[in-house]
Amino acid sequence: MLFKKKGGNNSELSDEALVDLVKGAMDADTFGLLYDRFAPKVYRKCLSMTRDKDIAHDLTHDIFLKAFLNMNKFDGRSKFGTWLYRITYNYCLDHLRRKQRDPVAPDVDFQGITPRDEERNEEQLLGLRADRLEEVLAGIDVTDRAILLFKYQEDMSIKDLTELLEMSESAVKMRLFRARERALAQYKVLYSEDP
């Protein structure tokens, strides 16, 4: 294992206190406590984005190594978990982009879309048959899949997504809207015989 648990009272400390200890001495053993707390979630996120257990396992270790080496860049403006999930999201997207070599669609202003359009779009997505949703998600762009998984699997709010993705609220809403549209279009392609 890359990071080992450290005995003693450190396991009782908050995430922020552990971060301060790690930053002060670059202590890999103390970082192991953060690893133990966050590795399952990071792994699940990597797995949901890559759909490959071995790759997700490798990416998880890479992400924690990157986080450890960049601890001094963590400024505390957000929670450690949010900072780590931002690294996870970006690292997985970079991996998938290198693998797919697909360009990412540019951001579009959220002008002209009404709250009713958003609501109808979300209702349609949530109404899809669960047993078919995984195939639908596998067929859409990785950035669309990632934002949908963060919103619906991780239950992240728009505010959380703006912080994670470092985008405006309008841009996040547009990304979600477009991702739902693409997922619904993919569903229709795959299951066009359904009413």
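Here S168, S48 are placed in order of increasing Cβ neighbour count within 10 Å, fewest first, which gives S168, S48. Summing Lys and Arg as +1 and Asp and Glu as -1 over all other residues whose Cβ lies under 11 Å from the Cβ of I147 gives a net charge of +4. Per-residue packing, averaged as other Cβ atoms within 10 Å, sorts the ranges 175-183, 154-162, 87-95, 72-80 into the order 175-183, 87-95, 154-162, 72-80, beginning with the highest.
Only Lys, Arg, Asp and Glu carry charge here, each on its Cβ (+1 for the first two, -1 for the last two); on that basis the range 9-100 has a dipole of about 620 debye about its Cα centre.
Please list, by residue number, everything in the range 28-56 whose backbone N is under 16 Å from a paramagnetic label point 7 Å out along Cα→Cβ of D15. Zone members listed by number: 31-46. Placing pseudo-labels 7 Å out from each Cα toward the beta carbon at A28 and I158 gives an inter-label distance of 4.5 nm.
Throughout, read-outs are computed from the coordinates displayed, never taken from laboratory work. No experiment lies behind these values; they were computed from the predicted model shown. Please note: Cβ atoms are built from the backbone with ideal geometry, for glycine as well, and neighbour counts cover all protein chains shown.
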